[in-house]
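Participant: One structure follows; several queries about it will come next.
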């Protein structure tokens, strides 16, 4: 299994809603990532988990809250988002070493109304 | 952070060889160069990775000169399905643990293959 699975594929939410994005991999990878991608722009790194510990937080607003319950799962909890947060949210994983390749999911297309 | 520079867009015709060059003047000694392909509304997909000289796999070749300040992704005999954005990345280790790896994407190159 070389897949990273993200759910849901599409999400529409209001600015007062609370929702969660989910990501799962069964490749035994020990590093997991959240990226945000706006239309026609490159992915921007948000968070990195290494061995289930938050390793990097790229100054992301607190309305985005990551969680790594175990080495196979990664969640992104969303609360009080703004319309400008609408984007494709990508999850990725890697073995956790150096210079290894990233495996990406297909993303969750999020629209904030 | 190692920064990469690529052409914004390129056009090609089916059956031609396409070469996309990436500049990475600040590459560190231990950094590898990795290329990803991305189709609309999908996550990037790994194409090829290399450290120096030439690497070839079933889909592409990667040429890296001795000074490693640039690299060239070569796609042989492209087809319409190769129309995508191609990203060049140079590895970096960041984070307090030192064990996680941050990848910063450059602007990417939009390749359009025409019939």
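Participant: Restricted to region A:72-107, and to residues that are within 12 Å of chain B (Cβ to nearest Cβ) and free of Cβ contacts under 8 Å to residues at least 60 places away in the same chain, which residue is surrounded by the fewest Cβ atoms within 10 Å (Cβ to Cβ)?
Facilitator: A:97
Participant: Of the residues B:41, B:71, B:81, which is at pLDDT 95 or above, out of contact with any helix residue (DSSP H, G or I) (no Cβ under 9 Å at 6 or more places or on another chain), closer than 29 Å to residue A:93 by Cβ and not in a strand (DSSP E or B)?
Facilitator: B:81
Participant: Mind checking which residues of region A:54-71 are surrounded by fewer than 16 Cβ atoms within 10 Å (Cβ to Cβ) and touching a strand residue (DSSP E or B) at 6+ places or on another chain (Cβ under 8 Å)?
Facilitator: A:57, A:58, A:63, A:65, A:67, A:69
Participant: Here's something else I'd like to know. May I ask you to verify whether residue A:110 is touching a residue at least 24 places away in the same chain (Cβ under 8 Å) and either more than 7 Å from chain B (Cβ to nearest Cβ) or within 11 Å of the chain's Cα centre (by Cα) (or both)?
Facilitator: Against the criterion (touching a residue at least 24 places away in the same chain (Cβ under 8 Å) and either more than 7 Å from chain B (Cβ to nearest Cβ) or within 11 Å of the chain's Cα centre (by Cα) (or both)), residue A:110 qualifies.
The values are calculated or read from the model by the stated rules, or taken from the named source; none is laboratory data. None of these values were measured; they are calculated from a predicted model. Every residue, glycine among them, receives a Cβ derived from its backbone with ideal geometry; neighbour counts consider all protein chains shown.
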